[in-house]
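Please read the structure below before turning to the comments.
The values are calculated or read from the model by the stated rules, or taken from the named source; none is laboratory data. What you are looking at is a predicted structure, and each value in this text was computed from that prediction instead of being measured. Glycine also receives a Cβ, built like all others from the backbone with ideal geometry; neighbour counts cover every protein chain displayed.
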Amino acid sequence: MKNRIPFKPFFATLGLFVFVSAVVADEEILINKDYVPGKEKPVPVSLSGFTGEAEAVIRLDLTVQGFAFTTPETAQYLLSGSANENLTGRAQDRFNKNMLVNKSYTGASLRRQAHAFVDDFLAAIGRKGVGQTKIAFRAGEGANSEISIADFDGFGAQAITSEKNIVAAPAWVTGHFALCYGSYRANHPDVYHHDLSTGRLTPVARYPGSNISPAPSPDGSKVAMILSKSGAVDLYVADLPDGSNLRQLTKSKEDESSPCWSPDGQWICFAGKINERRALWKVPAAGGAPVRIPTSGVSNPSEPDWSPDGKWIVFTSQMGGFEICVVPAAGGTATPLVSGEDPSWAPNSRTVVYVQRDRNGGRRLSLLDVPTKQTKDVSRLSGINSQPSWAK
């Protein structure tokens, strides 16, 4: 169910086309278009000189952002450098001989320097990196669960709750070092706003019935939620941080869940049944009639998340098992990508964090590059982890 140390703000959205290059038979092929989910070939790069933690960080960052490793003779980009206490990194386009990055990094841990090098390389080819971003997630389950935050690769994980009760569905408040999430701290499913800078916890929704699935708006001023205060399960919007100015947006009297916002704040997408038809829907944030978002080719859609560039909706489809799928934001033919559930977009609008279940019922977080379908587990995290939210 999707209901997301102080650090500097890093929240951003990506509104640019991706310009990448690929190599086939030693010929440069420039790609100047939107990507096709699951159909793109990884961009070949070579990596030399790095060892240990720096090399591991660079390889993970590049893999989950659409690159694959090869020899210098067949690579599009040549990445090299060294890493002792500080990192020196170079990146060159093999075809036009341009030096894209040639820089020494200091003043941070070696792993942060490695993230910064990859981000600089991506910026040089017209893309946005995710090396400085964070995720929130639910660690554990049931009464033993807590909300934790970490770097996107799982480093530095720390619990930000200690309720020893059921907590669920963290969601980042854009532009603020804050989360909304669900909690049974009062022995009832309620929604709270948690300012991580001050530790202040503010109730957002504590109505009779269930109060779940908080989704802050792109500007951080409002929150969409699923409430059953009227006796039916419906979508509501209120102001942050205190839940004032509550407005009801749907009156379906049927199952609804997992709201998310369009990046312009004009629409709220959600999953559920209207007139006994389970689908993805969107409703104007200012109020109006729900509009169905077609997801042809898959069934039982749930847990949607709208990409920061506004072009895609990633969601979970249940067709025997759980499958991560993506569909154009206006609807159309959906593309199944990988087994998993509860996806959340990165700020780059191409990488997704999601949940995998193992054979014994355990759950772990993984990272997916949507264009190439390359995946990597967030291996730094142990135990049962679920309900991730990637800070935008």
Exercise. (1) under 27 Å from SER366 (Cα atoms); (2) surrounded by fewer than 22 Cβ atoms within 10 Å (Cβ to Cβ); (3) of a type in the set (Lys, Arg): which one isn't true of ARG138, the others all being true?
Worked result: (2)
Exercise. Restricting attention to the range 166-176, does a residue exist that is on the phi > 0 side of the Ramachandran plot and not charged (D, E, K, R)?
Worked result: yes
Seminar exercise, completed: In the set GLY182, GLY129, the lone residue that is on the phi < 0 side of the Ramachandran plot, part of a loop (DSSP other than H, G, I, E, B), surrounded by 22 or more Cβ atoms within 10 Å (Cβ to Cβ) and under 19 Å from the mean Cα position of the chain (by Cα) is GLY129
Exercise. Which ones in the range 202-219 are closer than 17 Å to CYS260 by Cβ and not hydrophobic (A, V, I, L, M, F, W, C)?
Worked result: SER213, PRO214, PRO216, SER217, PRO218, ASP219
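So that you can scan it fast, the table gives a plain yes or no per residue for (1) of a type in the set (S, T, N, Q); (2) modelled with pLDDT under 95; (3) under 30 Å from PHE155 (Cβ atoms):
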position	(1), (2), (3)
PRO294	no, no, no
THR335	yes, no, no
SER344	yes, no, yes
VAL353	no, no, yes
Exercise. Across the range 252-277, what is the total count of residues that are of a type in the set (Ser, Thr, Tyr) and more than 21 Å from PRO343 (Cβ to Cβ)?
Worked result: 1
Exercise. Yes or no: LYS392 under 30 Å from VAL283 (Cβ atoms) and at pLDDT below 95?
Worked result: yes
Exercise. Of the residues that sit in the range 147-179 and are in contact with a Gly (Cβ under 6 Å, 6 or more places away or on another chain) and not in a loop (DSSP other than H, G, I, E, B), which one is surrounded by the most Cβ atoms within 10 Å (Cβ to Cβ)?
Worked result: ALA169
Exercise. Would the range 53-65 turn up any residue that is on the phi < 0 side of the Ramachandran plot, at pLDDT 85 or above, polar (S, T, N, Q) and not in a loop (DSSP other than H, G, I, E, B)?
Worked result: yes
Problem set entry | Among residues of the range 76-104, those that are out of contact with any helix residue (DSSP H, G or I) (no Cβ under 8 Å at 6 or more places or on another chain), of a type outside the set (D, E, K, R) and part of a strand (DSSP E or B), counted | 8
Seminar exercise, completed: Restricted to the range 240-256 and to residues being closer than 26 Å to GLN318 by Cβ and of a type in the set (S, T, N, Q), the residue surrounded by the most Cβ atoms within 10 Å (Cβ to Cβ) is THR250
Exercise. Could you say whether any residue in the range 242-256 is under 21 Å from LYS392 (Cα atoms) and assigned by TED's automatic domain parsing to the domain that holds GLN158?
Worked result: no
Seminar exercise, completed: Over the range 362-389, the set of residues of a type in the set (Gly, Ala, Ser) and modelled with pLDDT under 95 is GLY362, SER379, SER382, GLY383
Seminar exercise, completed: So the strands (runs of 3 or more DSSP E) completely within the range 257-324 holding 1 or more residues that are surrounded by fewer than 18 Cβ atoms within 10 Å (Cβ to Cβ) are 267-274, 277-284, 291-293, 312-319
Exercise. Does at least one position in the range 202-212 carry a residue that is assigned to a loop (DSSP other than H, G, I, E, B), among the aliphatic types (A, V, I, L, M) and out of contact with any His (no Cβ under 8 Å at 6 or more places or on another chain)?
Worked result: no
Exercise. Can ARG359 be described as at pLDDT below 95, within 22 Å of TRP172 (Cα to Cα), outside the structural domain of THR63 (by TED's automatic domain parsing) and part of a loop (DSSP other than H, G, I, E, B)?
Worked result: no
Exercise. Would you pick out the residues in the range 66-75 that are under 24 Å from the mean Cα position of the chain (by Cα) and in a strand (DSSP E or B)?
Worked result: PHE67, ALA68
Problem set entry | Of residues in the range 60-110 being buried (at least 18 other Cβ atoms within 10 Å of the Cβ) and of a type in the set (D, E, K, R), the one farthest from GLY129 (Cα to Cα) | ARG94
Exercise. Cβ-Cβ below 9 Å, separation at least six or inter-chain, first residue in the range 173-197 and within 18 Å of ALA159 (Cβ to Cβ) and assigned by TED's automatic domain parsing to the domain that holds SER257, second crowded, with 22+ Cβ neighbours inside 10 Å and modelled with pLDDT under 95: which pairs?
Worked result: LEU179/ARG4; CYS180/ASN3; CYS180/ARG4; TYR181/ASN3; TYR181/ARG4; GLY182/ASN3
Exercise. Among the residues of the range 136-155 satisfying the criterion of being among the aromatic types (Phe, Trp, Tyr) and either closer than 18 Å to ALA171 by Cβ or assigned by TED's automatic domain parsing to the domain that holds ALA116 (or both), which is nearest to the chain's Cα centre (by Cα)?
Worked result: PHE152
Problem set entry | Subset of the range 273-282 (residues that are modelled with pLDDT under 95 and farther than 12 Å from SER299 by Cα) | LYS273, ILE274, ASN275, GLU276
Seminar exercise, completed: Within the range 185-221, of all residues that are β-branched (Val, Ile, Thr) and surrounded by fewer than 18 Cβ atoms within 10 Å (Cβ to Cβ), the one farthest from ASP242 (Cα to Cα) is THR198
